[in-house]
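Here you go, one structure.
The values are calculated or read from the model by the stated rules, or taken from the named source; none is laboratory data. Every value quoted in this text rests on a predicted model; they were computed, and no experiment measured them. Cβ sites come from the backbone with ideal geometry, for glycine too, and all protein chains shown count toward neighbours. Keep in mind that these areas ignore ligands, DNA and RNA; they rest on the heavy atoms of the full protein, side chains included. Shrake-Rupley method; radii C 1.70, N 1.55, O 1.52, S 1.80 Å.
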Amino acid sequence: MSSEAYIRHDGKRRVVITGGGMVSALGDDWQEAFTTLRSGKNCVVYMKDWDAFPLMNTRLACPYQKELPQYPRKKIRGMGRVALLSLVATDRALKMAGLMNNDGVVLDELHEGRTGIAYGSCMGSMDSIMALYAMIENNDTSKIDSQTYIKCMPQTCAANLSVYYGIRGRIITTNTACTSGSQSIGYAYEAIANGMQDMMIAGGAEELVSPDAAVFDTMGATAILNETPGKEPRPFDKDRDGLVIGEGAGSLVLEDMEHAVKRGATLYAEVAGFGTNADGTHITNPNRETMAQAMLLAIRDAGIDKDVIAYVNAHGTATHAGDIAETQATYSVFQRAIPISSTKSFIGHTLGACGCIEAWCTVNMMNEGWFHPTLNLEQVDEECGALDYIKGQGRAIDAQYVMSNNFAFGGINSSLIFSKL
């Protein structure tokens, strides 16, 4: 390829995805996830332990139920579950990208300062937070040790990954609730496009804890068909009753295209555009105008016409206000019935992880030429935007460009556009 082929329309470097890894109820790799998505069945379960909270209405969640791989204790002693989830996903992404061998040793290049990390979660591990709480509530410091804060600090995933792999480039912590995973991809992309790094590990993670469900439950925003987990959540449906909390992690390896080609890496997609902004109006109520603006920022950054985008992976939480605002915003941008679906109908809302898990699924569906449906969507709420809601067995679509959107508490909006290579 000529040197011009590695340059974007705006003179910046082209950025590609050379590896991806996930820890999710969908599966431990894309093929497992693809099988689950084609099955038409979700991964939501009844959480019997939550019967201990009689004032909490929901009993539904989507945990990761497999055993995590074993690592040397000395190397992970500062990791709670959320950081461990991020480590497993990142191991898988690095191996897929050809940057790690079967013995878990990464290439020396990762230590030279031109590789960085952008990673986030909603918060650190709950066990370590409870250890600190015990000191205040019970005057008990016995549960606090030298690693307690490391496990609960907001940057626990990004910092632990940096130390574990010996990565010395820039660290970007995207602890922005439900946009943590998608902002990490966007900021990593910008760091590479602008020449600040050659490679970036980007992602998000979240461990499942009952207080996460309680936060939404107190707002009347959780799904409560507890006896029929397979029927929840129901994004965009007129009878939807709220979201289901999930668990997992997603990691991507982003790379300067010229760098990737020269080392013989497989290119899975190009990160074509990114937009992010803030509502500036309310801490929890969604704002359709700024949601739309984030999508337009991504389209402008990609330098494409909106009509070439063939599919949108929605945030699609199955909350009343969120679904309506998001779909109306999407219609206002595209002015047509663009195909759209929600991955959360399969695995619930994985919070800080959702942006990366959903982006990786979107990229792979683009390459497969098939896009999953929104499960449990029987009758679209008439207040939702006039979009092409994928139902049933999914949809075969030949897509050159796809979009993945996420919106978070704090009024934070993000939009990513990916292109097939």
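Can you tell me which residue in the range 40-66 is nearest to I245 (Cα to Cα), limited to those that are open to solvent by 70 Å² or more (accessible area, probe 1.4 Å) and not basic (K, R)?
Y46
Of all the residues that make up the range 370-421, how many are open to solvent by less than 30 Å² (accessible area, probe 1.4 Å), of a type in the set (A, V, I, L, M) and in a strand (DSSP E or B)?
Total satisfying the criteria: 5.
Restricting attention to the range 8-39, report how many residues are open to solvent by less than 40 Å² (accessible area, probe 1.4 Å) and either aromatic (F, W, Y) or closer than 21 Å to K344 by Cβ (or both). Outline the logic, then answer.
Taking the range 8-39 first, the residues open to solvent by less than 40 Å² (accessible area, probe 1.4 Å) are 8, 15-28, 30, 33-34, 36-37.
Narrowing further to those that are either aromatic (F, W, Y) or closer than 21 Å to K344 by Cβ (or both): 20-28, 30, 33-34, 36-37.
Matching residues across the range 8-39 total 14.
Only one of (1) under 26 Å from D29 (Cα atoms); (2) in contact (Cβ under 8 Å) with a residue 60 or more places away in the chain; (3) among the small types (G, A, S) is not met by A158, so which one is it?
Condition not satisfied by A158: (2).
Sticking with this one: Among helices (runs of 4 or more DSSP H) lying entirely in the range 241-347, which contain 3 or more residues that are open to solvent by 10 Å² or more (accessible area, probe 1.4 Å) and farther than 24 Å from T176 by Cα?
So the answer is 257-262.
Can you tell me which residues in the range 183-222 are out of contact with any His (no Cβ under 7 Å at 6 or more places or on another chain) and among the charged types (D, E, K, R)?
Residues satisfying the conditions are E190, E206, E207, D212, D217.
Confirm whether L208 is surrounded by 19 or more Cβ atoms within 10 Å (Cβ to Cβ), out of contact with any helix residue (DSSP H, G or I) (no Cβ under 8 Å at 6 or more places or on another chain) and assigned to a loop (DSSP other than H, G, I, E, B).
Spelling it out, L208 is indeed surrounded by 19 or more Cβ atoms within 10 Å (Cβ to Cβ), out of contact with any helix residue (DSSP H, G or I) (no Cβ under 8 Å at 6 or more places or on another chain) and assigned to a loop (DSSP other than H, G, I, E, B).
Within the range 93-131, track down each residue that is closer than 25 Å to A408 by Cβ and open to solvent by 20 Å² or more (accessible area, probe 1.4 Å).
Within the range 93-131, C122, M123, M126, D127, I129, M130 qualify.
Condition (residue is over 22 Å from M257 (Cα atoms), small (G, A, S) and either touching a residue at least 24 places away in the same chain (Cβ under 8 Å) or touching a strand residue (DSSP E or B) at 6+ places or on another chain (Cβ under 8 Å) (or both)) applied to the range 187-202: is it met by at least one residue? Don't jump to the end; show me each part of the working.
Filtering the range 187-202 down to residues over 22 Å from M257 (Cα atoms) leaves none.
Checked against the condition, which is being over 22 Å from M257 (Cα atoms), small (G, A, S) and either touching a residue at least 24 places away in the same chain (Cβ under 8 Å) or touching a strand residue (DSSP E or B) at 6+ places or on another chain (Cβ under 8 Å) (or both), the range 187-202 yields no hits at all.
Would you mind telling me which numbered condition in (1) closer than 30 Å to Y187 by Cα; (2) more than 22 Å from the chain's Cα centre (by Cα); (3) of a type in the set (A, V, I, L, M, F, W, C) F53 fails?
(1)
Considering each of L87, L26, L60, L37 in turn, give the residue that is touching a His at 6+ places or on another chain (Cβ under 7 Å) and modelled with pLDDT of 95 or more. Steps first, please.
On the way: L87 fails: touching a His at 6+ places or on another chain (Cβ under 7 Å); L26 fails: touching a His at 6+ places or on another chain (Cβ under 7 Å); L60 fails: touching a His at 6+ places or on another chain (Cβ under 7 Å).
So the residue among L87, L26, L60, L37 that is touching a His at 6+ places or on another chain (Cβ under 7 Å) and modelled with pLDDT of 95 or more is L37.
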